[in-house]
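This report refers to the structure that appears directly beneath it.
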Amino acid sequence: MTNSKPLVQRRQVLTLARHEVGRSLFSRRSLAVYLLVGMPLALMLLRALFMPGSMRADATHATTEFAEVFHFFLLRFVVFFANAMIFVRLFRGEILEKSLHYTLLAPLSRTVLVIGKYLGGVVSASLILVLTTTLTYILVFLPHGAAGVQLLLSGSGIANLASYLLIVVLACFAYGALFMLAGLFFKNPMVPAILFLGWETLTPFLPAFLKVLSFVHYLVSFAPVPVSLGAFALLARPVSWWIALLALFTTSALLVFVASRVARHLEVTYSAD
Amino acid sequence: MSPDHILFRNVSKFYGEVLGVNKVNLEVASGLTGLVGPNGSGKSTLMHLMTGLLRPSRGEVSVLGISPDHPEELFRKVGYCTQYDNFPNGSTGLSFLQFALALHGYQKSEADERAWAALARVGLTDAANRRIAGYSKGMRQRIKLAHAHCHDPQILVLDEPLNGLDPMGRAEMIDLFTELAKEGRHVIVSSHILHEVDVISDGVIMIHGGAIVAEGEIREVRGEITSHPIQVLIRCDRPHTVASRLFELEHIVEARVVEDEGLLVSTRDAPDFFNKFNRIVIDTGVVVETVAPADESVHAVYDYLIGEGLGGGSA
């Protein structure tokens, strides 16, 4: 084997990412994630089944309805917890399965290990959540018949969907980095995850200088349809798309960097975990 | 840092308040080295430290001049078969090795070739496409061995590698270790079963309560234990005659005829004993079948040094 170091590292990253995609999509533990992402689909199916005839005829509300479902349920609950489940398991799952040592016994730097696992997580979470969001979006419009389909396939319908999908993918990068780090730090990372969810939920009611410390603040800046956050929400100047992108990617990169530093000191003491 | 030895310099490892190993100084050369100690003595901790799965609380470890802090270099040269009996969910023997080799950076064709070669070496070719979860204990042990040596490492660290193997499997694996050591590799094998280590090792490291109590070739180690007389078993046609002559020597502590075995002699001066014994044989015309050390075994030495058995017996 006479390959250059960057080439070998690239292969290692791809191998790890592929392995993580397989684990995240097809293992028995993925069932919890599929149940979670099945919730908005089930809700939209029920809505379609029991929608009164008068509402069916009017497709104009569908765009706003999806915006509300996306803000309050998909992004703040489904996307958040699906990322938590997928990324926390990248390291913590292997520690619990007592199989992490096989990866640690490979000739790869801990930075390569963290990047490979992270990318695998991002691909898996994005695949699952992009599909969920798209199906939910379609299910919101379909019950309205031809008018709904026309709205869905119109320029704004497709553009809105693309914006929502961008938010979902960016959320996978940002929440993913955070939850991977949490999986390295905490024995039960779901506790800090729930605390962080609390913080993200409170964001609309926080002053502007605290809003910048949440991911959702930047993510919603890409939302194509504004939603009302209630009477008590404190309004802040919207973030421009490039600042939001920069903030999300910089924070994600920083969290991945910290995770790689933590991983350098990772020890195999399964009995203590 | 020695480029061809494994070095421990004043290494200690604590798990919180609990001591793992304490002030270990070691230098391991190539060949087959046995790491011996009862359960909980610190064998696995020592092996984990060697391979970077644990970091020393104090001191320094170097493997062929490489610090375990650099896994990207270390694991090109080291393979480790741990005691953990868990595997990635859903893996087959073949996919498990293919993944490991892909992580080494091998292209698929070469990874496949090496994976099949490693499976053949441990006798698992037929079970290659079966899930590891359905393997017997012995097969799981073999696949771990295949994982440890599939990338052709210079150092093999094997933690209790014979656990769970049947006698035939043990014999095959012992042959494999010997073969690998003869190829000039470092093969470090831990065991709490002393006669196993006796059979396979060139040298031995004895650990107890987290401290190294002896290291080196077993004969050398035995020679340094002056508190216990050296025992020699003589098989000859007239043991009583030899015994009576031996009692004339000052350093003879005991000479006892053991039925069906021979004359068991305990002496505090082995070199002088062998000199004088030759004289006795010539003078008396006794026909000697064998003269062999009776306590130059790991078991005896361990007993002398630690003063207790290992508990594991001789399975």
Scan region A:197-225 and report the pairs whose first residue is touching a residue at least 60 places away in the same chain (Cβ under 8 Å) and whose second residue is surrounded by fewer than 17 Cβ atoms within 10 Å (Cβ to Cβ), with Cβ atoms within less than 7 Å and a gap of 6+ or a chain change.
A:ALA223/A:SER163; A:PRO224/A:ALA159; A:PRO224/A:SER163; A:VAL225/A:THR64
Determine, yes or no, whether B:MET139 is touching a Pro at 6+ places or on another chain (Cβ under 8 Å) and in a helix (DSSP H, G or I).
no
Going through A:ALA162, A:ALA171, A:ALA125, A:ALA147 one at a time, which residue ends up being under 24 Å from A:VAL216 (Cα atoms) and surrounded by fewer than 22 Cβ atoms within 10 Å (Cβ to Cβ)?
A:ALA162
With the checklist (1) under 16 Å from the mean Cα position of the chain (by Cα); (2) modelled with pLDDT under 85 in hand, flag the one item B:MET168 doesn't pass.
(1)
B:GLU60 - would you say it is within 13 Å of chain A (Cβ to nearest Cβ), surrounded by fewer than 16 Cβ atoms within 10 Å (Cβ to Cβ) and among the acidic types (Asp, Glu)?
no
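Here's the yes/no breakdown for (1) closer than 17 Å to B:MET50 by Cβ; (2) within 14 Å of chain A (Cβ to nearest Cβ); (3) of a type in the set (A, V, I, L, M, F, W, C):
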position	(1), (2), (3)
B:ALA111	no, yes, yes
B:ALA117	no, no, yes
B:THR125	no, no, no
B:ALA146	no, yes, yes
B:HIS208	no, no, no
B:ILE212	yes, no, yes
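When you scan region A:21-70 for helices (runs of 4 or more DSSP H) that lie fully inside it, which ones turn up with 2 or more residues that are farther than 16 Å from A:GLY145 by Cα and over 16 Å from the mean Cα position of the chain (by Cα)?
Details: elements: A:30-50, A:53-57, A:62-69.
Here the list reads A:30-50, A:62-69.
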Over region B:63-73, the set of residues at the interface with chain A (Cβ under 8 Å from one of its Cβ atoms) and either of a type in the set (Ser, Thr, Tyr) or surrounded by 22 or more Cβ atoms within 10 Å (Cβ to Cβ) (or both) is B:PRO71
Looking at region A:50-71, which of its residues are modelled with pLDDT under 90 and among the hydrophobic types (A, V, I, L, M, F, W, C)?
A:PHE50, A:MET51, A:MET55, A:ALA57, A:ALA59, A:ALA62
For region A:78-112, enumerate the residues that are more than 7 Å from chain B (Cβ to nearest Cβ) and free of Cβ contacts under 8 Å to residues at least 40 places away in the same chain.
A:GLU94
How many residues, within region B:116-158, are buried (at least 19 other Cβ atoms within 10 Å of the Cβ) and under 21 Å from A:GLU20 (Cα atoms)?
2
Counting residues that are modelled with pLDDT under 95 and over 30 Å from B:LYS77 (Cα atoms), which helices (runs of 4 or more DSSP H) fully inside region A:92-174 reach at least 2?
A:110-141, A:145-153
Got at least one residue in region B:34-41 being modelled with pLDDT of 90 or more and β-branched (Val, Ile, Thr)?
no
For the list (1) farther than 29 Å from A:SER4 by Cβ; (2) more than 8 Å from chain A (Cβ to nearest Cβ), I need the number of the one condition that B:ASN86 fails.
(2)
Please go through region B:78-127 and pick out each residue that is in contact (Cβ under 8 Å) with a residue 60 or more places away in the chain and farther than 26 Å from B:VAL63 by Cβ.
none
From the set of residues in region A:15-31 that are more than 10 Å from chain B (Cβ to nearest Cβ) and touching a residue at least 12 places away in the same chain (Cβ under 8 Å), which is farthest from A:LEU113 (Cα to Cα)?
A:LEU25
When both residues are 6+ apart or on different chains and their Cβ atoms are under 7 Å apart, which pairs have a first residue that lies in region A:3-14 and is more than 9 Å from every other protein chain (Cβ to nearest Cβ), and a second that is of a type in the set (A, V, I, L, M)?
A:VAL13/A:VAL112; A:VAL13/A:ILE115; A:VAL13/A:LEU119
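The values are calculated or read from the model by the stated rules, or taken from the named source; none is laboratory data. Bear in mind the structure is a predicted one, so any value in this text is a computation, not a measurement. Don't worry about glycine lacking a Cβ; one is built from the backbone with ideal geometry, like all the others, and counts go over all protein chains shown.
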